[in-house]
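Undergrad: Sending over a structure as structure tokens; questions will come in a sec.
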Amino acid sequence: MPYTKDKPSLPETSEQLRARIPGWGADLDPADRPSGSRERFDPGATGAHWDVPQQQPQRLPRERSIEHGRLTPVFGTAQPLHGPSGAVRRYAYRRFSEGRLAHWLLLVLGDRMETAEARMRSYVSRRPDNPLAETGLIGEFRSHGLRSRAGRVDRRHQLLDLVVVAGPTLLRIGIVTLLVRRVVRAVVKVARSTPDPSRPLSRGDSR
Amino acid sequence: MQAMVYRGPYRIRVEEKDVPAIEHPNDAIVRVRLAAICGSDLHLYHGMMPDTRIGHTFGHEFVGVVHEVGSSVQNLRVGDRVMVPFNIFCGSCFFCARGLYANCHNVNPNATAVGAIYGYSHTTGGYDGGQAEYVRVPFADVGPSVIPDWLGDEDAVLLTDAGPTGYFGAQLGGIVEGDVVVVFGAGPVGLFAARSAWLMGAGRVIVVDHLQYRLDLARSFAFAETLNFVEVDDVVLELKRLTDWLGADVAIDAVGAEADGNLLQHITAAKLKLQGGSPIALNWAIDGVRKGGTVSVLGAYGPTPSLVKFGDALNKGLTIRGNQCPVKRQWPRLLDHVKNGYLRPSDIVTHRFPLEHIAEAYHTFSAKLDGIVKPLVTVSGA
């Protein structure tokens, strides 16, 4: 087909679309759309009855991006920084701007460290982690896991989810198993090489 | 109170937490009646968002009843039934004064590149979210609105993010009468974007996804043509074929960070977290739109770099627009559209889970099981 100056014809006219689709063309004028212009200076429209908001009290040290000139007047107080992961995150905020990849990679590192810290703490808590319940695997049975995935292109990606979810747990179990085995072997070896003082000396033994 | 809490990637549970307290004179505490899980919550759930802390409560789509107000609150009263936009904003900074409510400078100490969002990690301010019995709502005179009596909770909760975000995305496309609009992603936001494109006079709307049950909804809810990218060898080529080899006038990326369709991109971004997101849909949008066209980006991406085909965008003279939606700016018109019967947001709700079963809800939504499109979370204490 030749490339011409005309816009290709549409399968339906505007009148046909208006008759078929509820509300077709209700916002036809771009200038009349709520975000038709990106910026619309109208400070009176927000409901704010202050020029500068009152400062929220800071009860704990609050990390902030160094791209801010000050602590914002309002901030979230959920999950304050703590532990080694908190130190890494605090450093990421204090040392690097948001423009530096190191800022974000350190925050991701902090996330992974905190996950490991939480796992450790959970094992000595009154409510240890329950991987089966927390991963919502019951949904596989109640929501037809196999049937729902039939013929889908993302099946191979979802297999990787298993590695992402179960991988770290299996790795931890493996490391702990190796460590325990090594310790047990070392103890047994020491026990075997230590002479029993209660056993009488036989010929050839020396003390 | 009971609240959903994050326990690390792919793990959540319900825990007892303290009821949040008033921390600023313009705070309110809202007792949640109904919450929703957003597709972008899955990025947190999958551990993709930097500084997502253990114990964090997700949830930026919720409606509820005002339980307590701070000393300076004038526009809300205890007992009011309110819908709360996902953006937290002060209403008085440089950006809020210009209508950029999603980019408020006074509420997120952790980052300047993004505003504050309920329950969306410390990168967006460190506020616990609404998948809980109670939630702290800062700047109560600015963000929440009383829900009109004629509007049900299920419609209202869909107007706190998914509905307005889709509507906003269609506006970012600068659609004019007769435009061909292609929407990538038939999730809730993509469905609303497709439906909204008609309100703005689109001449054709094509929705692209790989989940057939969602494409079926794109046909029935959004009156769109559909393209299942699994059924074609090359989605960009197919789009060119469908548009007389010019490409669409407007392309809308309503997928974001965990797009499927390219194994290398998906693994490096969604699984190994080496990119801020897997920009497959964004690259398809850049290549599938016509020269001089507009790409509207609604899909959420993380703050680290992504492998975007910027050379093609430059050489084609594209306009690329994106932002988090300033929700409250959309409400008056959207409420009119709902009242006039042009849109019924709750039509896309497919599942309702009690808060106690929220781990199952996240898994079902994440794995796209049982024809799920939009899951709601009911709070029994409400």
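The values are calculated or read from the model by the stated rules, or taken from the named source; none is laboratory data. Worth saying up front: this structure is predicted, and the values here are computed from it rather than measured. Glycine gets a Cβ as well: all are built from the backbone with ideal geometry, and neighbour counts include every protein chain shown. The accessibility values were calculated without ligands, DNA or RNA, using every heavy atom of the protein model including side chains. Shrake-Rupley method; radii C 1.70, N 1.55, O 1.52, S 1.80 Å.
Undergrad: Give me the three principal axis extents of the stretch B:30-143 from the C-alpha atoms, as integers in angstrom, largest value leading.
TA: 38, 33, 21
Undergrad: Based on the Kirkwood radius over alpha-carbon pairs, what value in µm²/s does the Stokes-Einstein equation return for the translational diffusion coefficient of the protein assembly as shown at 25 °C and 0.890 mPa s? Please list the in-between numbers first.
TA: Values: Rh = 25.2 Å.
Calculated translational D: 97 µm²/s.
Undergrad: Using Cα pairs under 8 angstrom and six or more residues apart, how large is the relative contact order of the stretch A:81-129, in percent?
TA: 32 percent
Undergrad: When every alpha-carbon pair in the stretch A:12-146 is counted, what percent end up more than 22 Å apart?
TA: Working: 6238 of 9045 pairs.
Tail of P(r) above 22 Å: 69 percent of Cα pairs.
Undergrad: Take the Cα of A:LEU137, step 7 Å along the line toward its Cβ, and report every residue of the stretch A:174-196 whose backbone nitrogen sits under 17 Å from that point.
TA: Within reach of a label on A:LEU137, which here means backbone N under 17 Å from a point 7 Å along Cα→Cβ, the stretch A:174-196 contributes A:174.
Undergrad: How big is chain B on each of its three principal axes, counting only the C-alpha atoms and giving the largest first in Å?
TA: 61, 43, 40 Å, listed from the longest principal axis down.
Undergrad: Could I ask something else about it? Relative contact order of chain B: what whole-number percent is it, with Cα pairs under 8 angstrom and at least 6 residues apart? Mind showing how you got there, number by number?
TA: Working: 955 pairs, mean separation 64.3, N = 382.
Relative contact order for chain B comes out at 17 percent.
Undergrad: Also, quick follow-up: In peptide B:353-361, what is the residue-averaged number of other protein chain Cβ atoms found within 10 Å of each Cβ?
TA: Shielding by partners across B:353-361 averages 3.
Undergrad: Between A:ARG155 and A:ARG181, what is the label-to-label distance in nm when each label sits 7 Å out along the Cα-to-Cβ direction?
TA: 3.5 nm
Undergrad: Now for a separate question. State, to one decimal in nm², a quarter of the convex hull surface area for the C-alpha atoms of the stretch B:319-367, i.e. the direction-averaged projected area.
TA: 6.1 nm²
Undergrad: Here's another thing I want to ask about it. Give the Rg/Rh ratio for the stretch B:162-322, taking Rg as the radius of gyration of the Cα atoms and Rh as the Kirkwood radius, to two decimals. All intermediate terms of the calculation are to be shown ahead of the outcome.
TA: Working: Rg = 14.1 Å, Rh = 15.1 Å.
My calculation of the ratio gives 0.94.
Undergrad: Looking at the stretch B:114-163, which chymotrypsin sites (Phe, Trp or Tyr not before Pro) are DSSP coil and have at most 15 other C-beta atoms within 10 Å of their C-beta?
TA: B:TRP150
Undergrad: So for each of A:11-21, B:346-356, B:43-53 I average, over its residues, the number of other beta carbons within 10 Å; can you give me the resulting order with the highest mean first?
TA: Output ranking for A:11-21, B:346-356, B:43-53: B:43-53, B:346-356, A:11-21.
Undergrad: Share of Cα-Cα pairs in the stretch A:81-129 beyond 18 Å, in percent?
TA: On the way: 432 of 1176 pairs.
Of all Cα-Cα distances in the stretch A:81-129, 37 percent exceed 18 Å.
Undergrad: For the stretch A:47-127, what does the relative contact order come out to in percent, with C-alpha contacts under 8 Å and a separation of six or more?
TA: That works out to 25 percent.
Undergrad: Just list whichever of B:LYS240/B:LYS291; B:LYS271/B:LYS374; B:LYS17/B:LYS368 have alpha carbons separated by over 19 Å in the model shown. Don't jump to the answer; show the numbers that get you there.
TA: Working: B:LYS240/B:LYS291 12 Å; B:LYS271/B:LYS374 23 Å; B:LYS17/B:LYS368 30 Å.
As for pairs spanning more than 19 Å Cα to Cα, those are B:LYS271/B:LYS374; B:LYS17/B:LYS368.
Undergrad: For the protein assembly as shown, give me the percentage of DSSP beta bridges that are antiparallel, rounded to the nearest 5 percent.
TA: That works out to approximately 50 percent antiparallel.
Undergrad: Going Cα to Cα from A:LYS7, which aspartates and glutamates come in below 14 Å? Please leave out same-chain ones fewer than 8 positions away.
TA: B:GLU177, B:ASP179, B:ASP244, B:ASP249
Undergrad: If you take the accessible area of A alone, add that of B alone, and subtract the area of the pair, what total do you get in Å², probe 1.4 Å, to the nearest 100? Spell out each step's value before the answer.
TA: Numbers: alone 18730 and 15260 Å², together 25080 Å².
Protein heavy atoms only, the A-B interface buries about 8900 Å².
Undergrad: Once fully extended, how much extra length lies between B:ALA113 and B:VAL176, figured as 0.36 nm per residue of separation less the alpha-carbon to alpha-carbon distance?
TA: So the chain would gain 19.6 nm between B:ALA113 and B:VAL176.
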